[in-house]
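Asks: Got a structure for you, written out below as structure tokens; questions coming shortly.
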Amino acid sequence: MFYFDTLGGKKVLKSYLLPEVRHFFTTRECPIRGNEEFFKQMLHIERIISPEQTHGSNVEIVDEHTQYPDTDGLIVSKPNIAIYLSFADCTPLIIYDNVNNVAAVSHAGWRGTAARIAVATVEKMQKEFGTKPENVTALIGPAISVCCYTVGEDVFSQLMDTVTDKSGLFKGDNVDLKKINARQLEEIGVTKIDICPYCTACDNDLFFSYRKENGTPLRHNALVVL
């Protein structure tokens, strides 16, 4: 279950399903980009890292580098390094392995969802750190919901091809990106999944929406720090 909290007086969204690590989804009140020093002070950290997102499915592990081009998923295994990605309708994923203490943030628009970036993230965590799906907690944050996300036949087909069980994932020409990502994770054995009920288009007073706001360049964020 998701709930609102504050960080330095700014409203953020968290999940009760993940009390082990510091995590949140920002709101319109204070996006991270341009306010990095504020978040460093609030979190008492020195490094805060965000990749150059391209709506792809590349997932990288944070090391000594500060630049991560063409990257839509970051994995962190070291403490006190915050990672965040940016969103405005696309699906934010925070993934945590509570046995190996490894966390990730991934960006799943329709292209990333079609490329199964949620699964790719867990598989990379599995390969590099021994993560097992049964030890994973996944948070699926605020994104455009099935009520507002109409797609064409080609996109619809690509998304439906990513899962075996297609039930409950669409209504007419509308698809549920949040539930598709959840279903992808469920089908590889992830059982602890929290899906945020907020729609970025319907709840535009809280979150940015690319569709609702005619291509706004503004973004809210998903952040995690061990």
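Asks: Cβ-Cβ below 8 Å, separation at least six or inter-chain, first residue in the stretch 140-164 and touching a residue at least 24 places away in the same chain (Cβ under 8 Å) and more than 30 Å from TYR16 (Cα to Cα), second surrounded by fewer than 22 Cβ atoms within 10 Å (Cβ to Cβ) and among the acidic types (Asp, Glu): which pairs?
Replies: As it stands, the answer is THR150/ASP173; VAL151/ASP173, since those pairs meet every condition given.
Asks: For GLU29, all conditions in the list (1) part of a strand (DSSP E or B); (2) free of Cβ contacts under 8 Å to residues at least 60 places away in the same chain; (3) closer than 17 Å to TYR198 by Cα hold save one; what is the number of the exception?
Replies: (1)
Asks: Here is a list of conditions, (1) touching a residue at least 12 places away in the same chain (Cβ under 8 Å); (2) under 21 Å from PHE207 (Cα atoms); (3) surrounded by 12 or more Cβ atoms within 10 Å (Cβ to Cβ), and ASN35 meets all of them except one; can you say which number that is?
Replies: (1)
Asks: Just checking, which of THR27, THR54, THR66 is in contact with an Asp or Glu (Cβ under 6 Å, 6 or more places away or on another chain) and closer than 26 Å to PRO217 by Cβ?
Replies: THR54 is the lone residue from the list that is in contact with an Asp or Glu (Cβ under 6 Å, 6 or more places away or on another chain) and closer than 26 Å to PRO217 by Cβ.
Asks: Can you report the number of residues in the stretch 192-208 which are part of a loop (DSSP other than H, G, I, E, B) and under 15 Å from the mean Cα position of the chain (by Cα)? Show your work before the answer.
Replies: Going through the stretch 192-208, the residues part of a loop (DSSP other than H, G, I, E, B) turn out to be 196-198, 200-208.
Imposing the further condition that a residue be under 15 Å from the mean Cα position of the chain (by Cα) reduces the set to 196-198, 200, 207-208.
Residues flagged as part of a loop (DSSP other than H, G, I, E, B) and under 15 Å from the mean Cα position of the chain (by Cα) within the stretch 192-208 amount to 6.
Asks: So, one more: Please enumerate the residues belonging to the stretch 186-204 that are farther than 18 Å from SER145 by Cβ and either basic (Lys, Arg) or surrounded by 21 or more Cβ atoms within 10 Å (Cβ to Cβ) (or both).
Replies: VAL190, LYS192
Asks: I'm trying to understand the selection: among the residues of the stretch 56-82, which are closer than 18 Å to ARG33 by Cα, surrounded by fewer than 20 Cβ atoms within 10 Å (Cβ to Cβ) and in contact (Cβ under 8 Å) with a residue 24 or more places away in the chain?
Replies: Listed by number, the list holds a single entry, ILE81.
Asks: Do any residues in the stretch 191-218 that are without any contact (Cβ under 8 Å) to a residue 12 or more places away in the chain have Cβ atoms under 6 Å from those of residues that are crowded, with 16+ Cβ neighbours inside 10 Å, where the two are at least six apart or on different chains, and which pairs are they?
Replies: The qualifying pairs are ASN204/LYS212.
Asks: Filter the stretch 145-185 down to the residues that are among the hydroxyl-bearing types (Ser, Thr, Tyr) and buried (at least 20 other Cβ atoms within 10 Å of the Cβ) and list them by number. Explain how you work it out, then say what you get.
Replies: So in the stretch 145-185, the residues among the hydroxyl-bearing types (Ser, Thr, Tyr) come out as 145, 149-150, 157, 162, 164, 167.
Once the filter is applied, which keeps residues that are among the hydroxyl-bearing types (Ser, Thr, Tyr) and buried (at least 20 other Cβ atoms within 10 Å of the Cβ), the stretch 145-185 yields SER145, TYR149.
Asks: For the stretch 8-17, state whether one or more residues are within 20 Å of ALA108 (Cα to Cα), surrounded by fewer than 19 Cβ atoms within 10 Å (Cβ to Cβ) and in contact with a Ser or Thr (Cβ under 8 Å, 6 or more places away or on another chain).
Replies: no
Asks: Would you pick out the residues in the stretch 45-80 that are touching a helix residue (DSSP H, G or I) at 6+ places or on another chain (Cβ under 6 Å), of a type in the set (Gly, Ala, Ser) and assigned to a loop (DSSP other than H, G, I, E, B)?
Replies: SER57 - this is the single residue of the stretch 45-80 that is touching a helix residue (DSSP H, G or I) at 6+ places or on another chain (Cβ under 6 Å), of a type in the set (Gly, Ala, Ser) and assigned to a loop (DSSP other than H, G, I, E, B).
Asks: Restricting attention to the stretch 143-178, and to residues there that are in a helix (DSSP H, G or I) and out of contact with any strand residue (DSSP E or B) (no Cβ under 9 Å at 6 or more places or on another chain), which single residue is nearest to GLY189 (Cα to Cα)?
Replies: Here the answer is GLN158.
Asks: Applying the selection to the stretch 133-147, what residues are out of contact with any helix residue (DSSP H, G or I) (no Cβ under 8 Å at 6 or more places or on another chain) and farther than 13 Å from VAL224 by Cβ?
Replies: Matches in the stretch 133-147: GLU134, ASN135, PRO142, CYS147.
Computed from the coordinates by the stated procedures, all read-outs in this text should not be read as laboratory data. Not measured: the values here are computed from a predicted model. Cβ atoms come from the backbone with ideal geometry, glycine included; neighbour counts cover every protein chain shown.
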